[in-house]
Amino acid sequence: MSKNLMETEETNRLTREEEEEDDEDSREAWTGEENEEDGDENDEDLEFLCLFCDFKYSSCDALFDHCRLTHFFDFNGIRKDLGLDFYGSFKLINYVRSQVADNRCWSCGVCCQSKQDLQSHLHPSVNTKDVKLLLDYDKYLNPFMREDSLLYSFDGGEEDEDECNTSFEKEEIVKDFGSVCIDDDDTAEETELNAKTYNKDKKTVMACPNGHLSLASSSKIITENGMDYGENARSVESDPKDKQSRVCIADVVEKDIKKINDSYFGSYSSFGIHRDMISDKIRTDAYRQALLKNHSLLNGAVVMDVGCGTGILSLFAAQAGASRVISIEASEKMATVATQIAKDNGLWRSKTDSEGNKSCTGVIEVVNCMVEDLDKSIQIQPHSVDILVSEWMGYCLLYESMLSSVLFARDRWLKPGGAILPDTATIFVAGFGKGGTSLPFWENVYGFNMSYIGKEVVEDAAKFPIVDIINHHDLVTNAAVLQSFDLATMKPDEVDFTATAELEAKNDTLDHKATACFGLVLWFETGFTSRFCKEMPTVLSTSPYTPKTHWSQTILTFREPISVASSKFTAEGSAAVGTDACPASKILLRISIAHATQHRCIDISLETAGVGSDGRKRSWPAQMFNLT
């Protein structure tokens, strides 16, 4: 493309952008704090917010020039050096915004005390290769700032075609993305599409400039596990020329979700998994006691079992005197198995039974579908179910995202005042010490010191959450409640949360010596409370203080251990908080758990600060964990 042509197209693009009305709401970071409004009377025309400060610009070029000259951040240069495509560049913007929100240098990782300190610290990048490794995380595909217009405008064709253009043939699009609607008014060598609109709650995938993919608002919503996903991209403005190509990728998101669901429910076709769950006495006995020991609740009740598996909970409900049990199972194989088990035990409710055969005692009917699709399989009157029961919990309570399905069933079919079992869920957090790591093992291997390996293993553990058993003797802090859910009243959008907690060193020793806290352990409890289980309430706990369960605990390892001690410890001089010379008497936590980009997975963000006995405070860089 000639230089003059590029300049002409760039002028046209800037003109179009300046003429657009700025109807965006004030942008918010994930911390929930609103960016301050610029007082300039022409501010409404400035739609692109700087990555590092509060200045706004009317074009991407002006913004990136400002970042390069003022903040030492050369966006286009970094794209070229790292060979970033559209996705990589999209991630880079979100990565930088996330670091700035934490007052952390995007290049070297140094955490500053304030935004002003960060502005003074910013410097030319030293080694961008390390940044590229961080961009491998799909979490940066999620817009960090709500309605960030920069994400959908930066790829305006400034780069050399040989470096950044990736043309899509129609056959390739069809092959890669399934149902595709292509409407060509005029065949062109390149398909240039503008995708400028993004709606957080209605996502879809759309072809955009240079054949890359972006996010745009959708006109149709897929409800899946209580979450909304876009299905059809709305029509896209064509190029000013008559080379009009519209590519509507119709089923991409739905196809991906279906693939993950098929894999997820297929994994539950293994009998080994069900044996592990049924053999978990803590789990199974809690449900059995709640169902069998509360006769007044179950007698004559209509029960819905969401995700019945083998049907064990449905069998308990039938045994307790339920008049009808609707067992929902998305795995075709396990639905067949549950049906046969109900028949073998004389508890299957056949079609003739449901039509009024009073001589048959069968009450269980198994429906093979996801609960969101139940209306397509059988007719159940809304708000006609007395009891909703489900064993929906995953690792760290929320992994597998099944709670949203339970809440969907609650809102659709549970009677007002009906019982949901369990009806409460609580996540706890505590700090663990050296005994909760592999260090003791590697320090003495048949008399040899292999601690070098142990240190590397611990460093690697700080990158990923680990599901394992922690002995309560290895906890070095008290336990604290991180988040509590009331399943009878909570809203579906409250599944994702941010919460704070405060940990203190355990006071079970008399010498008040400092000890190292290597990270956090999370576990949960679910309650069958007296609200519904009046005769026999019970609790299912996955705590390190109780017998182990198949859920184990979820471990988040710090990048570096934090020394902790009781408040009676005397700190030495001005040593940094969290060191042996000045151990922290308190560890302050801010933890967020939310649905991840990959369906049914969760992202966990961790912010940690230590408070010394003298009141001084120290913060550590935030950590991100993806539980997949």
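Tallying residues that are farther than 21 Å from LEU627 by Cα, open to solvent by less than 20 Å² (accessible area, probe 1.4 Å) and among the β-branched types (Val, Ile, Thr) within region 419-436 yields 1. Looking only at residues that are in contact (Cβ under 8 Å) with a residue 12 or more places away in the chain, open to solvent by 50 Å² or more (accessible area, probe 1.4 Å) and out of contact with any Ser or Thr (no Cβ under 7 Å at 6 or more places or on another chain) in region 589-618, which one is nearest to VAL110 (Cα to Cα)? Taking the candidates together, the pick is ARG618. In region 437-487, the residue that is modelled with the lowest pLDDT out of those that are surrounded by fewer than 18 Cβ atoms within 10 Å (Cβ to Cβ), aliphatic (A, V, I, L, M) and assigned to a loop (DSSP other than H, G, I, E, B) is ALA462.
Figure legend. Inter-residue proximity from region 379-396: first residues under 18 Å from ASP423 (Cα atoms) and touching a residue at least 40 places away in the same chain (Cβ under 8 Å), second residues in a strand (DSSP E or B) and among the charged types (D, E, K, R), beta-carbon distance below 8 Å, spacing 6+ or different chains. Indicated pairs: VAL385/LYS415; ASP386/LYS415; VAL389/ASP305; SER390/ASP305. Scanning region 58-108 for residues that are small (Gly, Ala, Ser) and surrounded by fewer than 20 Cβ atoms within 10 Å (Cβ to Cβ) yields SER58, SER59, ALA62, GLY77, GLY83, GLY88, ALA101.
The set of residues from region 546-581 being out of contact with any Cys (no Cβ under 8 Å at 6 or more places or on another chain), open to solvent by 50 Å² or more (accessible area, probe 1.4 Å) and part of a strand (DSSP E or B) comprises ARG559, GLU560.
This table checks each residue for (1) of a type outside the set (A, V, I, L, M, F, W, C); (2) closer than 24 Å to ILE282 by Cβ; (3) at pLDDT 95 or above; (4) assigned to a loop (DSSP other than H, G, I, E, B).
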| position | (1), (2), (3), (4) |
| --- | --- |
| ILE380 | no, no, no, yes |
| ASP386 | yes, no, yes, no |
| LYS415 | yes, no, yes, no |
| ALA419 | no, yes, yes, no |
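The residue that is farthest from the chain's Cα centre (by Cα), counting only those in region 109-136 that are exposed (fewer than 15 other Cβ atoms within 10 Å of the Cβ) and closer than 22 Å to GLN598 by Cα, is LEU133.
THR542: surrounded by fewer than 23 Cβ atoms within 10 Å (Cβ to Cβ) and over 20 Å from VAL458 (Cβ atoms), yes or no?
Taking the combined requirement at face value, the residue does not satisfy it.
Scanning region 314-335 for residues that are at pLDDT 95 or above, open to solvent by 10 Å² or more (accessible area, probe 1.4 Å) and assigned to a helix (DSSP H, G or I) yields LEU315, PHE316, ALA318, GLN319. Identify, please: which residue in region 33-63 is assigned to a loop (DSSP other than H, G, I, E, B) and modelled with pLDDT of 85 or more and is, among those, nearest to the chain's Cα centre (by Cα)? Among residues in region 33-63 that are assigned to a loop (DSSP other than H, G, I, E, B) and modelled with pLDDT of 85 or more, the one nearest to the chain's Cα centre (by Cα) is LEU51.
The values are calculated or read from the model by the stated rules, or taken from the named source; none is laboratory data. The shown structure was predicted, so the numbers you read here are calculated from the model rather than taken from an experiment. A quick note on method: Cβ atoms are made from the backbone with ideal geometry, for glycine too, and the neighbour counts reach across all protein chains shown. The accessibility values were calculated without ligands, DNA or RNA, using every heavy atom of the protein model including side chains. Shrake-Rupley method; radii C 1.70, N 1.55, O 1.52, S 1.80 Å.
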